[in-house]
Structures are given as C-alpha cells and as structure tokens.
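Enquirer: Got a structure here, written out as structure tokens. Questions coming.
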Amino acid sequence: MGCGFSLRKQMILDCLQKEQELKVSDLVTLTGVAIATVRRDLLRLEQEKLIVRTFGGIRAVDKKSLVARTFEQRESLQCDEKKRIANAAAELVTPGMTIAVDSGTTCMNFASALKNKGPLRIVTSALAVIETLGGNPDIEIILVGGRFRVSNLDFYGTVSIDTFRQFYCDMAFMSCDAFQPGHGAFSLDQESAAISRTIRQNSAKLVLLCDNRKIGHTSPFLTFTPQEIDTLVTDVSDERLDQCGCSVIVAR
C-alpha cells in the first residue's frame with residue numbers, strides 16, 4: 001500500500017543521501033505507488049529544488065559548501081586577475097616554509113596554488129584555507145580561532161590576535177581593501193587591521209596581494225605602512241606603483 005506525499009518525499013530524500021542517484025523503478029518499489037504517482041512526486045521535488053531529474057531517474061542536488069556559497073559572488077569579480085595574482089605569489093613559496101595566509105577570495109586562490117608546494121606549515125584564520133588544503137598530507141594547517149565572522153568566513157578578535165602572536169612566519173601573504181602608493185595598505189574594519197598588523201609583526205616578510213581595482217584608494221584603517229610591505233603582487237602595470245617603495249610583481 002502506498003503512503004502520502006510527505007512520507008514519500010522523506011523516503012526519497014533519505015534514500016538519495018545514501019545512493020546519490022536512483023531510477024524511477026527503484027522509487028516505485030521504495031514508495032509502493034504507481035509510476036505515474038512517482039513521476040508527479042518527482043516533478044514537485046524538482047520544483048522545490050530538492051532533486052535533479054535525469055533520464056529515467058533522479059540524482060541528488062549538489063550542495064555547495066559554506067565557503068563556496070559565501071564567496072561565490074565575490075569570486076566572480078576579477079576572477080582571472082585574482083588567479084594570476086595567486087599563482088605569481090605562490091612562486092615565492094618554497095618547501096619547508098612557515099607562512100601566514102589571510103582570508104578573502106584572492107587568498108583562497110593563493111591557497112589553491114600551494115597544493116604542490118609542500119611540505120609547508122600554514123597559520124591562518126580563514127576557513128577557505130582549510131577547505132582548499134585540508135586534505136593535503138604535506139601541508140600542516142594551524143587554524144587560529146576567536147570570534148567567527150560569517151561574512152568573511154574567518155576568525156577575529158583578541159583570541160585570534162593572541163594566537164597569531166605565538167607563531168613566527170617566514171612570509172605573510174595578506175590581502176587588503178585598498179592600497180595607496182606612498183601611503184600603504186588599508187582595511188575597511190578595525191578588527192581586520194588589528195589582526196593583519198599582528199601577523200606582520202610576527203613575520204619576516206610581507207607579501208601583499210592586491211588586484212588593480214584596489215590601487216589608488218584608501219579605507220578608514222591603515223593596515224601596513226609602505227615600509228612594512230616587502231613585495232606587492234598585482235595584475236597590471238601602473239606608474240603609480242613606482243611610489244610604493246617595495247618590490248612589485250605584475251602577474252601575467
């Protein structure tokens with residue numbers, strides 16, 4: 001004997017969690033209703049975006065991670081430029097280093113470019129680094145805790161700052177919200193600026209990842225003075241960068 005739609009819906013979704021793909025004939029057996037009823041159920045489930053119908057069956061909806069959902073829109077902006085910057089910055093990394101990696105989409109791309117750079121030790125407050133490199137046995141990741149910030153998927157606050165102070169890094173790879181040649185790098189919020197300054201104090205060198213749309217602007221909080229930046233990695237040549245007082249790498 002068949003059952004109501006609500007129960008059939010739950011049975012189908014529970015089964016999809018185990019099998020990922022099911023045939024219509026499987027669902028007829030599972031629910032005990034006619035094939036026409038199953039097809040109507042599948043139409044409703046597809047309209048609710050709970051399944052994807054295939055030829056002769058269904059499959060589970062691909063569920064994006066929290067990192068993917070949060071950064072999806074930002075990642076579409078300057079996507080190619082960010083990847084070029086990330087790849088160029090990764091060339092500065094050699095096996096055996098201890099490095100700090102900032103949060104944000106450019107740094108997420110940078111983390112992806114490190115997959116074959118191990119062995120490495122990475123100190124970070126960013127969940128994106130965990131998602132990108134967490135399964136790599138050659139890379140040790142130290143995740144700094146604190147107050148969780150869902151908008152940027154990272155941790156901040158006094159706990160984060162105190163933890164970062166326990167490590168000394170060969171290089172820190174950091175992002176910014178704005179960069180003004182001759183004046184330095186800036187952040188939109190005080191918390192990010194405070195963490196970034198702590199990381200700089202505990203790192204031998206600072207590499208700033210900065211796409212062209214941030215150059216020539218300022219934000220409320222100064223993060224790094226020009227003297228604190230060793231290398232700037234960006235995506236375009238800009239005569240204003242002659243005033244930045246550090247080494248400049250233009251990613252190709």
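The values are calculated or read from the model by the stated rules, or taken from the named source; none is laboratory data. This one's a predicted model, so the numbers in the text were calculated from it and none came from an experiment. Cβ placement follows ideal geometry from the backbone for every residue including glycine, while neighbour counts extend to all protein chains displayed. Note: areas computed on protein heavy atoms with side chains; ligands, DNA, RNA excluded. Shrake-Rupley method; radii C 1.70, N 1.55, O 1.52, S 1.80 Å.
Enquirer: So, with a 1.4 angstrom probe, what is the percent of accessible area on the chain that is carbon and sulfur? Don't jump to the answer; show the numbers that get you there.
Expert: Numbers: 6370 of 12900 Å².
Roughly 49 percent of what the probe reaches on the chain is carbon or sulfur.
Enquirer: Normalised by the number of residues in the stretch 144-248, what is the relative contact order in percent for Cα pairs under 8 Å and 6+ residues apart? Present the calculation step by step, with values, prior to reporting the outcome.
Expert: On the way: 214 pairs, mean separation 28.9, N = 105.
Dividing the mean separation by the residue count of the stretch 144-248 yields 27 percent.
Enquirer: Can you give me the long-range amide H partners of ILE249? Hydrogens built in the peptide plane at 1.01 Å from N, cutoff under 5 Å, separation of 5 or more residues or another chain.
Expert: Amide H to amide H, under 5 Å and 5 or more residues apart or across chains, ILE249 pairs with LEU232, VAL233, THR234.
Enquirer: MET97's amide H: which non-local residues (gap 5+, or another chain) put their own amide H closer than 5 Å, with H modeled 1.01 Å from N in plane and none for Pro or chain starts?
Expert: Counting only residues 5 or more places away or on other chains, the set is ARG121.
Enquirer: Taking just the alpha-carbon atoms of the stretch 75-194, what radius of gyration and Dmax come out, in angstrom?
Expert: 13.9, 41
Enquirer: Rg and Dmax of the stretch 81-146, using alpha carbons, in Å: what are they?
Expert: 10.7, 31
Enquirer: Cut-off 10 angstrom, C-alpha nodes, Gaussian network model of the chain. Which of SER125, SER196, SER25 fluctuates the most?
Expert: Highest fluctuation of the listed residues: SER25.
Enquirer: Next up: Can you work out the Karplus-derived ³J(HN,Hα) for every residue in the stretch 83-98? Use 6.51 cos²θ - 1.76 cosθ + 1.60 with θ = phi - 60°, whole Hz, and x for glycine or proline.
Expert: Working through the residues one at a time gives 5, 5, 4, 4, 5, 5, 5, 5, 5, 7, 8, 10, x, x, 6, 10 Hz.
Enquirer: Using only the Cα atoms of the stretch 177-252, construct the convex hull and provide its projected area averaged over every direction, in square nanometres to one decimal.
Expert: Numbers: hull surface 18.0 nm².
Averaging across all directions leaves 4.5 nm² for the Cα convex hull.
Enquirer: Go through [x] 54, 47, 36; [y] 72, 44, 35; [z] 77, 37, 33 and flag the label whose value is the computed Cα extents along the principal axes in Å for this structure.
Expert: Matching the structure shown: [z].
Enquirer: Averaged over every viewing direction, what's the projected area of the C-alpha convex hull for the stretch 114-161? Give it in nm², one decimal, please. The partial results should precede the final answer.
Expert: Details: hull surface 13.0 nm².
Averaged projected hull area, Cα only: 3.2 nm².
Enquirer: Moving to a separate point now. Which residue, GLY182, GLY104, GLY32, tops the fluctuation ranking in a GNM of the chain built on C-alpha contacts under 10 Å?
Expert: GLY32
Enquirer: I want to verify a result. In a Gaussian network model of the chain, Cα cutoff 10 Å, which of these has the top mean-square fluctuation: VAL52, VAL144, VAL101?
Expert: VAL52
Enquirer: Then there's this: Calculate the FRET efficiency for LEU188 and GLU46 from the Cβ-Cβ distance with a Förster distance of 51 Å, rounded to the nearest 0.05. Spell out each step's value before the answer.
Expert: Numbers: r = 41 Å, r/R0 = 0.80.
Efficiency for this residue pair is about 0.80.
Enquirer: What are the residues whose amide H is under 5 Å from the amide H of VAL61, where those residues sit 5 or more places off or on another chain and H is modelled from the backbone?
Expert: For VAL61, whose amide H was placed from the backbone, the distant partners under 5 Å are VAL52.
Enquirer: Among GLY245, CYS210, ILE161, whose Cα projects farthest towards the positive end of the dipole of the stretch 111-252, with charges put on the beta-carbon of Lys, Arg (+1) and Asp, Glu (-1)?
Expert: Of the listed residues, the answer is ILE161.
Enquirer: With θ set to phi - 60°, apply the Karplus curve 6.51 cos²θ - 1.76 cosθ + 1.60 along the stretch 33-45 and write out the HN-Hα couplings as whole Hz, x wherever there is a Gly or Pro.
Expert: 10, 5, 4, 5, 5, 4, 5, 5, 4, 5, 4, 5, 5
Enquirer: Just list whichever of LYS82/LYS117; LYS82/LYS115; LYS18/LYS82; LYS49/LYS214 have alpha carbons separated by over 28 Å in the model shown. The partial results should precede the final answer.
Expert: Details: LYS82/LYS117 19 Å; LYS82/LYS115 17 Å; LYS18/LYS82 37 Å; LYS49/LYS214 38 Å.
LYS18/LYS82; LYS49/LYS214, as the Cα separations exceed 28 Å there.
Enquirer: Which ³J(HN,Hα) values in Hz, rounded to whole numbers, follow from the phi angles of the stretch 151-166 under the Karplus curve 6.51 cos²θ - 1.76 cosθ + 1.60, where θ = phi - 60° and Gly and Pro get x?
Expert: Rounded to whole hertz, the list is 5, 10, 6, 8, 10, 8, x, 5, 5, 4, 4, 4, 6, 4, 5, 7.
Enquirer: Counting only DSSP beta bridges with both residues in the chain, what percent are antiparallel, rounded to the nearest 5? It would help to have the intermediate numbers written out before the result.
Expert: Values: 17 of 42 bridges.
Here the share of antiparallel DSSP bridges comes out near 40 percent.
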